[in-house]
Amino acid sequence: MWDATPEITRAVTPKARGDVEYAAVRDGKTRDPNGHGIAFPFRDAADMEIMITGLVDANEGVANARAQVSQAQENKAGVRETLRNAMKRNIRYAENTVNYDDGQLQLIGWSGRRPSETPQSPGRALDLVSPDRGDGWIELTWEAPSEGGKVTAYRIMRRTLGEENWTLAAMSLEPEARVENQEPGKKFEFCVVAVNKAGDGPESNVVTAGL
């Protein structure tokens, strides 16, 4: 019987074509019903070479197409950035030409730059009270300031009754707090200060509380 293995192997090797192509060569051979050697190839080596070359060319075509798509996307991004910069220059020119006049800039669908606002510190926290207390803790509630800048946090200040200097007792993000670890048998004064990046607001009213 004719053994096609040497001829096919010379035409195509796994190292030269890769696993897929080698599988095509492998599957192009068969055995007789008793498993005695290679009976005949479904395709001869020349046909297999043509088909494998076609597959390689198709893979290269896909790779080239992907590279072209990637290049087109990069070109698009570059054109868009160029357009954006040109529009910015035109808008700045228009702003300078009319001295940021809103009425004239609206004719081209634009408006003048708004002056930056200076951040303001919060106003005074309102109506501080101590509605409840328990084992080592004192509850405090108050109202947010009605004026000033936006509050980012509240500083709860405490001092022993009769003393002058305040110390920090707690911080809170909401207009309420439970001050823990309070010494029994003592009376304390509390006040609240609203704070943000611009600074501190005025002290709230003072309340006296003890355990």
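The values are calculated or read from the model by the stated rules, or taken from the named source; none is laboratory data. All values derive from a computational prediction rather than experimental measurement. Virtual Cβ from ideal backbone geometry, glycine too; neighbours counted across all protein chains shown.
Worth pointing out:
- Selection of region 190-211 for residues being within 18 Å of R124 (Cβ to Cβ) and either free of Cβ contacts under 8 Å to residues at least 12 places away in the same chain or β-branched (V, I, T) (or both) yields V192, V193, V195, V206, V207.
- Sub-9 Å Cβ pairs linking a first residue in region 176-189 that is in the same structural domain as D132 (by TED's automatic domain parsing) and closer than 24 Å to A125 by Cα to a second residue that is part of a loop (DSSP other than H, G, I, E, B) and of a type in the set (V, I, T), at least 6 apart or interchain, are E189/V206, ordered by first then second residue.
- Any chance R66 is modelled with pLDDT of 90 or more and outside the structural domain of E147 (by TED's automatic domain parsing): yes
- Which numbered condition Q106 fails, given (1) modelled with pLDDT of 85 or more; (2) among the polar types (S, T, N, Q); (3) surrounded by 10 or more Cβ atoms within 10 Å (Cβ to Cβ): (1)
- Residue check, E60 in a helix (DSSP H, G or I), of a type outside the set (A, V, I, L, M, F, W, C) and surrounded by 14 or more Cβ atoms within 10 Å (Cβ to Cβ): no
- Qualifying residue in region 39-47 (condition: charged (D, E, K, R), surrounded by 10 or more Cβ atoms within 10 Å (Cβ to Cβ), at pLDDT 60 or above and not in a helix (DSSP H, G or I)): yes
- Failed condition for R26, given (1) part of a strand (DSSP E or B); (2) at pLDDT 50 or above: (1)
- The set of residues in region 63-111 being in a helix (DSSP H, G or I) and either of a type in the set (F, W, Y) or touching a His at 6+ places or on another chain (Cβ under 9 Å) (or both) consists of Y93 alone.
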